[in-house]
1. State all residues of the range 167-198 that are surrounded by 22 or more Cβ atoms within 10 Å (Cβ to Cβ) and in a loop (DSSP other than H, G, I, E, B); if no residue qualifies, say none.
2. If GLU148 meets every condition in (1) at pLDDT 90 or above; (2) over 30 Å from VAL55 (Cα atoms) apart from one, which number is that one?
3. Any chance you could count how many residues in the range 212-235 are in a helix (DSSP H, G or I) and closer than 21 Å to LYS67 by Cβ?
4. Could you please find all residues in the range 199-211 being in a helix (DSSP H, G or I), crowded, with 19+ Cβ neighbours inside 10 Å and either without any contact (Cβ under 8 Å) to a residue 60 or more places away in the chain or of a type outside the set (Phe, Trp, Tyr) (or both)?
5. Within the set of pairs 6+ apart or on separate chains, which have a first residue in the range 30-59 that is free of Cβ contacts under 8 Å to residues at least 60 places away in the same chain, a second that is outside any helix (DSSP H, G or I) and surrounded by 14 or more Cβ atoms within 10 Å (Cβ to Cβ), and C-beta atoms under 6 Å apart?
6. Residues of the range 51-89 being over 18 Å from VAL232 (Cβ atoms) and either surrounded by 20 or more Cβ atoms within 10 Å (Cβ to Cβ) or at pLDDT 95 or above (or both), which ones?
7. Quick check on my filter: what residues within the range 197-213 are touching a strand residue (DSSP E or B) at 6+ places or on another chain (Cβ under 9 Å) and either over 20 Å from ASP43 (Cβ atoms) or hydrophobic (A, V, I, L, M, F, W, C) (or both)?
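The values are calculated or read from the model by the stated rules, or taken from the named source; none is laboratory data. What you are looking at is a predicted structure, and each value in this text was computed from that prediction instead of being measured. Reconstructed Cβ throughout: ideal geometry from the backbone, glycine too, with neighbour counts over all protein chains shown.
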Amino acid sequence: MRSKIIIVLLLSISLAAFSSYSFAQDKDKNKGKELRAAVDRVDKASDVIDEVMKVAEKSIPRDLLKKAKAIVVFPGTLKAAFIIGGQGGNGVAIRRTDTGWSAPAFLNMAGGSVGAQIGGQKTDYVLLIMNDKGISNLLQDKFEIGAEGSVSAGPVGRTAAASTNVTLDAEILSYSRSKGLFAGIALKGVVISQDQDMNQAVYEKSAAQILGSTPVLASEAPEQLRKFSETVADYVK
């Protein structure tokens, strides 16, 4: 009887150890998958900034970039419609720090519209968060642009910012690029939420913690994820 009890106990311990090992393997595998997806998203967001800024006369004014408290890019957001339309995508956000820019946090975008429309296209969105209230809204679990925050179409071109007062009250300046055309757009009715799975897998933190009052610095992020912060920094020197 005693030997049977010992065998049962050994089997139980072995099963628990195997289950724990399998769980750790699954967790590591998921973290690796999320990190690869995060790197891909950061690379695409960096490409959007590079392509938008390469022609000064048709770019975001650099003095606005220098004033922005945070920058968000949603690359390749899919807009599709058949009478009832919608859009959705994934993005990257960084916040200005005392020494430069933060590590990237990951966000999702979703929105909808109704009308006589049909077709689909991919659009890049760039959002400049211009003040502390805009930052506070961005760090919510869910934030509807245009409902909780003041948003304006961002001015375009080397001298545009100097000739308009659109930036005085706006919490967010928004831009879109589709089929090679880049312009300011008053993006409204779109909900931004935290990408909890990716943020937790990469940092074990929420977007609010990554971009909060004591943000995670770019230098503290995995090396593969520093590209977006470095790209933006190149244009605000």
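1. Result: GLU171, LEU187, ASP195.
2. All conditions are met except number (1).
3. Initially, the range 212-235 is screened for residues in a helix (DSSP H, G or I), giving 218-220, 223-225, 227-234.
Keeping just the survivors that are closer than 21 Å to LYS67 by Cβ gives 218, 228-234.
The number of residues fulfilling the criteria is 8.
4. Narrowing the range 199-211 to residues in a helix (DSSP H, G or I): 199-203, 207-210.
Pick out the ones that are also crowded, with 19+ Cβ neighbours inside 10 Å and you get 199, 201-203, 207, 210.
The answer is ASN199, ALA201, VAL202, ALA207, ILE210.
5. LYS44/PRO75
6. THR77, GLN87, GLY89
7. If the condition is that a residue be touching a strand residue (DSSP E or B) at 6+ places or on another chain (Cβ under 9 Å) and either over 20 Å from ASP43 (Cβ atoms) or hydrophobic (A, V, I, L, M, F, W, C) (or both), then MET198, VAL202, LYS205, SER206, ALA207, ALA208, GLN209, ILE210, LEU211, GLY212 are the ones that fit.
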